[in-house]
1. Among the residues of the stretch 55-70, how many are assigned to a helix (DSSP H, G or I), over 24 Å from the mean Cα position of the chain (by Cα) and either under 18 Å from Gly27 (Cα atoms) or not hydroxyl-bearing (Ser, Thr, Tyr) (or both)?
2. Looking at (1) in contact with a Cys (Cβ under 8 Å, 6 or more places away or on another chain); (2) in contact (Cβ under 8 Å) with a residue 40 or more places away in the chain; (3) among the hydrophobic types (A, V, I, L, M, F, W, C), can you tell me which one Val63 breaks?
3. Would you mind finding the one in Gly27, Gly100, Gly16 that is assigned to a loop (DSSP other than H, G, I, E, B), under 19 Å from the mean Cα position of the chain (by Cα) and not polar (S, T, N, Q)?
4. Can you find a residue in the stretch 211-221 that is at pLDDT below 80, within 21 Å of Ala108 (Cβ to Cβ), out of contact with any strand residue (DSSP E or B) (no Cβ under 8 Å at 6 or more places or on another chain) and open to solvent by 20 Å² or more (accessible area, probe 1.4 Å)?
5. Residues being charged (D, E, K, R) and either assigned to a helix (DSSP H, G or I) or within 17 Å of Ala97 (Cα to Cα) (or both): count how many of those fall in the stretch 34-54.
6. Looking only at the stretch 103-136, count how many residues are assigned to a helix (DSSP H, G or I), modelled with pLDDT under 90 and buried (at least 17 other Cβ atoms within 10 Å of the Cβ).
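The values are calculated or read from the model by the stated rules, or taken from the named source; none is laboratory data. Keep in mind that this is a model prediction, so the values were computed, not measured. Cβ atoms come from the backbone with ideal geometry, glycine included; neighbour counts cover every protein chain shown. These area figures cover heavy atoms from the full protein model, side chains too; ligands, DNA and RNA do not enter into them. Shrake-Rupley method; radii C 1.70, N 1.55, O 1.52, S 1.80 Å.
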Amino acid sequence: MSPSSSGRPVVVGVRGEETGPLDFAAGLAAGFGTRLRVVHACQVPYPYGYGPHTAADLPENLVSAARRVVAGAQEHLDTSLAVTDVEYDLVVGFPPAVLGAESTGAKAVVVGTDDAGWLDRVTGEAVTNFLCLHSSSPIVVVPPDISSFAVDEIVVAVDGRGPERGPMQFAFEIADRLSLPVRVVHVMSHREAIKDIDSARLVLAETLAGWAETYPDVSASTVLAEGRDPAEETTDVAGEGSLVVAGRPAGGPARGWRAPVTRALTRSGRRPVAVVPPRYTV
């Protein structure tokens, strides 16, 4: 097992009373051997929103609810044994911008799923959507029914068109740290499977090339699945206790999604999903 190679923290964005992202982030930070940073972004109305401001600059009535969110997170984590090095911060600003800035120096950013309508998703106002498209570090999306860091397998969803270096690096790094197996999954339609099954096997083999040498203690395997819905098939392959790792989707003109598999995975609410930038490094 490799020692920790980064002092970058795991950041978790908290919005309310949900504790799943907190517990998952604490377990992830412990696994990486790094500190946990808990951040709540407090968006305030005009003219305060055009700062810069700190919470200390603002009237108490504007930040009292935000202080309660941070205090609740601290009270919850004080009972956890997963991680002891924790810092808490209340930041005034637009939540996607705040967490986007946090991602620059983070090992990963943990967030919950977006509770937003279709217009927010299309325009990029949804926090998780925005971060998956623009963050500098992996974004780990934790569904509402996940209440702990109980990961026993890493599943990497690949599209079969490239080396997938960023997602593969993140997957093998955390698998090595936690002594977990890795499964690399590519889903093909029935028509694709008939025509390109041999080519797909070759691409998967090439995708794994070199990783076994870099991480000799990680057990790795590949899966070629057939189905109409790649996200659904990937989720089915990824059993309970899986962390699904996927590449970043490409942003369209309206900052929407061009990668339906990644989008569907992060919205499915069935497994935690790590969306990893292509240039992610240790």
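1. So the answer is 10.
2. With respect to (1) in contact with a Cys (Cβ under 8 Å, 6 or more places away or on another chain); (2) in contact (Cβ under 8 Å) with a residue 40 or more places away in the chain; (3) among the hydrophobic types (A, V, I, L, M, F, W, C), Val63 is out only on (2).
3. Values: Gly27 fails: assigned to a loop (DSSP other than H, G, I, E, B); Gly100 fails: assigned to a loop (DSSP other than H, G, I, E, B).
Being assigned to a loop (DSSP other than H, G, I, E, B), under 19 Å from the mean Cα position of the chain (by Cα) and not polar (S, T, N, Q) holds for just one of Gly27, Gly100, Gly16, which is Gly16.
4. For the stretch 211-221, residues at pLDDT below 80, within 21 Å of Ala108 (Cβ to Cβ), out of contact with any strand residue (DSSP E or B) (no Cβ under 8 Å at 6 or more places or on another chain) and open to solvent by 20 Å² or more (accessible area, probe 1.4 Å): absent.
5. Qualifying residue count for the region: 1.
6. 9
Residues are listed down the side, and each one gets a yes or a no for (1) free of Cβ contacts under 8 Å to residues at least 60 places away in the same chain; (2) open to solvent by 10 Å² or more (accessible area, probe 1.4 Å); (3) in contact with a Ser or Thr (Cβ under 6 Å, 6 or more places away or on another chain):
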| site | (1), (2), (3) |
| --- | --- |
| Glu18 | no, yes, no |
| Gly33 | no, yes, yes |
| Leu36 | yes, no, no |
| Gln43 | yes, yes, no |
| Pro47 | yes, yes, no |
| His53 | yes, yes, no |
| Leu58 | yes, yes, no |
| Val70 | yes, yes, no |
| Glu75 | yes, yes, no |
